[in-house]
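The values are calculated or read from the model by the stated rules, or taken from the named source; none is laboratory data. All of these numbers come straight from a predicted model, not from anything done at the bench. Glycine also receives a Cβ, built like all others from the backbone with ideal geometry; neighbour counts cover every protein chain displayed.
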Ligand code: AMP
């Protein structure tokens, strides 16, 4: 969670997302010991990354009547003692797990120490499900079947992802955008075996246009991925998957919120100009494809939506996904920037599910087994 320099929480969505699970544990007669990481501390404890800054807000989110204790070490005598003295309905927050290097290393002995604090292991952290860390995966081996389980958030995340991956109603459309082809090659490749249509937008589209011999001016391009882009297009044709690239672009004379703008076909961008958003023809075409789909997976913006002049394409796609959802499609939006985009346009409750997992969701759709899920299943 992001904090400002005075340790005020600037976005508590990760915290609120897990409150229903904590409340269920308390309501069902349990007490909850919470363990989490926070930030990337390099070398042991630092005040900046202490979870003590979250106690007050956690107390408020739980309704104000729940006792919330804090242990300033996640293992050791104090953690043991406080957890053993917890009464029904009480909560204990442990200090940042990453103050120990053992957490990220997936150290078995460290995981075992953590496991001793509780009777049951509940994993509600889909955002870290792709990491085999001590608290997110390794710890599960110390709990018998029936004593380890998903939390409510994790359960919904996994159910939504599985629905799209394994039970997608056709046509299944994947909308992939963002800056870099290299980040998205594996997911596109995996989706070629499942999707009916793939829309490719955002900065990464220009690598595909260049690979096809187009002129892309100063648009974003990964020259070392031209071959990979050509390969993907060939594979898609062989497998009968329709790839939709933005026919036209909003172009700018510099990467700047106040740049001069114009329009151009995406394969005929003049020298000195760069494509920073999809154009009107692309918007209309993508809208049709989106409205036709019955299952939609969306990861990555269509342009530099952080700047007003280049947000139209991403906004249009977000509105189309919302409209298609209203017509009965199942839509899953995941990955930091597309989530930020649906939030920016106030459409998060108009899509079927907004995932809290960025890297985890990407790896899931790349076809990888996520350690956090496998450890429980
Ligand atoms: P990613 O993290 O790869 O999903 O990329 C998201 C970022 O890509 C956002 O910050 C966008 O501003 C940026 N982006 C999207 N389209 C373009 C574009 N045409 N040129 C440059 N950056 C872009």
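Summary of values
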quantity: Matching residues, the range 114-134, being modelled with pLDDT under 95 and not in a loop (DSSP other than H, G, I, E, B); calculated: 126, 127, 128
quantity: Subset of the range 202-224 that is part of a loop (DSSP other than H, G, I, E, B) and out of contact with any helix residue (DSSP H, G or I) (no Cβ under 7 Å at 6 or more places or on another chain) - its residue that is nearest to residue 338 (Cα to Cα); calculated: 202
quantity: Subset of the range 40-53 [out of contact with any strand residue (DSSP E or B) (no Cβ under 7 Å at 6 or more places or on another chain) and surrounded by 14 or more Cβ atoms within 10 Å (Cβ to Cβ)]; calculated: 41, 45, 49, 50
quantity: Residue, farthest from the ligand (Cβ to nearest atom), within the range 260-291, restricted to residues that are closer than 30 Å to residue 165 by Cβ and out of contact with any helix residue (DSSP H, G or I) (no Cβ under 8 Å at 6 or more places or on another chain); calculated: 288
quantity: Any pair with Cβ under 8 angstrom, 6 or more apart, that starts in the range 263-284 at a residue that is at positive phi and ends at one that is within 11 Å of the ligand (Cβ to nearest atom) and assigned to a loop (DSSP other than H, G, I, E, B); calculated: 272/218
quantity: Which listed residue, of 250, 243, is part of a strand (DSSP E or B), within 12 Å of the ligand (Cβ to nearest atom), at pLDDT 95 or above and crowded, with 16+ Cβ neighbours inside 10 Å; calculated: 250
quantity: Matching residues in the range 278-294 - criterion: being within 16 Å of residue 345 (Cβ to Cβ) and either under 22 Å from the mean Cα position of the chain (by Cα) or in a loop (DSSP other than H, G, I, E, B) (or both); calculated: 290
quantity: Residue list for the range 368-377, filter: surrounded by fewer than 16 Cβ atoms within 10 Å (Cβ to Cβ), touching a residue at least 60 places away in the same chain (Cβ under 8 Å) and part of a loop (DSSP other than H, G, I, E, B); calculated: 368
quantity: Failed item, numbered, when residue 34 is tested on (1) surrounded by fewer than 16 Cβ atoms within 10 Å (Cβ to Cβ); (2) under 25 Å from residue 141 (Cα atoms); (3) touching a strand residue (DSSP E or B) at 6+ places or on another chain (Cβ under 8 Å); calculated: (1)
quantity: Qualifying residues in the range 155-181 (those that are touching a residue at least 60 places away in the same chain (Cβ under 8 Å) and closer than 30 Å to residue 30 by Cβ) - the one farthest from the chain's Cα centre (by Cα); calculated: 163
quantity: Qualifying residues in the range 167-181 (those that are in contact with a strand residue (DSSP E or B) (Cβ under 8 Å, 6 or more places away or on another chain) and assigned to a loop (DSSP other than H, G, I, E, B)) - the one nearest to the ligand (Cβ to nearest atom); calculated: 178
quantity: Wholly enclosed helices (runs of 4 or more DSSP H) of the range 30-113 bearing at least 2 residues in contact with a helix residue (DSSP H, G or I) (Cβ under 6 Å, 6 or more places away or on another chain); calculated: 101-105
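Residues checked against (1) at pLDDT below 95; (2) crowded, with 17+ Cβ neighbours inside 10 Å; (3) touching a helix residue (DSSP H, G or I) at 6+ places or on another chain (Cβ under 7 Å):
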{"position": "150", "(1), (2), (3)": "no, yes, yes"}
{"position": "156", "(1), (2), (3)": "no, yes, no"}
{"position": "163", "(1), (2), (3)": "no, no, no"}
{"position": "170", "(1), (2), (3)": "no, no, no"}
{"position": "176", "(1), (2), (3)": "no, yes, yes"}
{"position": "182", "(1), (2), (3)": "yes, no, yes"}
